Amino acid sequence: MKKYVTLLIILFFTTGNGQNLVLEYSGDNAVDFHIYNSTDNFKYKIDDITKVDRSTVEGLVQSYFFAANNDWLKNNYLEEKSFSPNEEKHFSTLKKLNKEKSKVVFLHKLSYKLEGFEMCYINFIADLDGIDFKFPTLLSCIKKDNKWYVYNLANQQKITDILWTFRSCRILQLINGQKTNNPLMNNLIQKTLSTNNFLDINKLYDQTQTWSFDDVNQRFFTMTDNNNCDDNTVLDVSKNINFTSVFKSAKINTFDKDDQAKNISIISNIKKNPTDSIYLKAKFDIDYNGQNYSVIKYNLINSTGKSTIKTQLLDSTLDVSSKQISEVIFLFENLNLQIFGDLSPSMNAPESQKQDILYKNTRGNLDVLNISKLYDLYKNDKTLFAKYLEN
């Protein structure tokens, strides 16, 4: 059976022209959290692909787990590159299972939207004929063209660890954020609130890193022993939580002296006063919410010779009101490009870099640069950025 694998992505940064970045951002996201009860929490084994119904995420789990061959299994993935084939003995074992005594049992799911798509994390176990396999599996899923697919998102280790290991009722209580009769729960709720008083997944994950295996918190909150919760009767909650995502792509290209004449159309688009001079410095391309945002950074030199750093969005019809886009554009305009290199993770980064206050306080999942943390740090203490300021 598939084991849970922590998602990793290749992080890279190239100096000079063509800086490819992995940029994380934080934000409040509306979510629906559902705990399955005994009437809707299982689907039995199927052995015919024509019986698959992926119009629901539960149908996707059934198809994924009981796929009879690699072609069937691969069909459940949105991106073929995410698919890893199973050995034939895996399928041989599945084929021998009694259909009436083998099923997947759903524990909980968290539904949300990302870049216009319906998304979901669903946690389940397998109840199989003659096989002791009660290890939970968490799937990251996306709905496209009315079908659900397995879709692994980058840099989601913290939220997936929580959804994979925590008892269903404890997740619901933390999302709900209301006072309970249990001091352990009330204490953790207070420690993991975001600035907007929603559950902050990063804070919750950081709290779990202090727990030992036999810690009272570990046994109360996680499925170390079981998924039972006698003190909970609520099955659904809809609320905001704070967690991180990454821009699908982010790339910076710089302009040199020879590039000015090659990009006269961009200069003409920017130039408003005929007596001004424009010198292009860099272009930032960001893929967000299904749109590509291209931002130009340039020197505006007026008739008196005064030079000012400015930015302009090439497509003025695009919405830049979202917190994620407005923050990254602000940082691109006000800070020089060196900061993206200095704060991007490196396998061979010296210890002095890792201890730098800017570096330490802007880390996201897998140590990538979190733009929201960088923005907040700038707003709170601009003096930390002295060597990176443009104007």
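The values are calculated or read from the model by the stated rules, or taken from the named source; none is laboratory data. Note that the structure is predicted; figures quoted are calculated from it, not measured. Glycine also receives a Cβ, built like all others from the backbone with ideal geometry; neighbour counts cover every protein chain displayed. Accessible surface areas use protein heavy atoms only, side chains included; no ligands, DNA or RNA. Shrake-Rupley method; radii C 1.70, N 1.55, O 1.52, S 1.80 Å.
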Only helical DSSP H runs with n ≥ 4 go in: add -39500 (n - 2.57) per run for the chain, normalise by residue count and round the 222 nm mean residue ellipticity to 500 deg cm²/dmol. -7500 deg cm²/dmol
With r defined as the distance between the Cβ atoms of residue 259 and residue 44 and R0 fixed at 56 Å, what FRET efficiency is calculated, to the nearest 0.05? 0.35
Skip the ligands, DNA and RNA, and give the accessible area per residue of the chain with a 1.4 Å probe, whole Å². 51 Å²
According to the square roots a ≥ b ≥ c of the eigenvalues of the Cα gyration tensor, what is the shape class of segment 46-93, taking rounded for a/c under 1.5, prolate for a/b larger than b/c otherwise, and oblate for the remainder? oblate
Modelled label reach - residue 310, point 7 Å along Cα→Cβ, segment 360-391 residues with backbone N closer than 19 Å: 390-391
Specify the residue with the greatest mean-square fluctuation among 241, 266, 122, computed from a Gaussian network of the chain linking alpha-carbon atoms under 10 Å apart. 266
Most fluctuating residue of 53, 285, 231 in a GNM of the chain with Cα springs under 10 Å: which is it? 231
Which whole-number percent of Cα pairs in segment 19-126 have a distance greater than 23 Å? 39 percent
Would you mind finding the longest exposed-site-free stretch of the chain, with exposed trypsin sites (Lys or Arg not before Pro) meaning DSSP loop and at most 15 other Cβ atoms within 10 Å? 4-95
Highest-fluctuation residue, 212, 140, 249 considered, GNM on the chain with Cα pairs under 10 Å: 212
Label selected from (1) 157; (2) 180; (3) 222, the criterion being volume of the Cα convex hull per residue in Å³ as computed here: (2)
Portion, in percent, of the accessible area of segment 201-342 that falls on carbon or sulfur, probe 1.4 Å: 46 percent
For segment 81-138 and segment 194-238, what is the separation of their C-alpha centers, rounded to whole Å? 23 Å
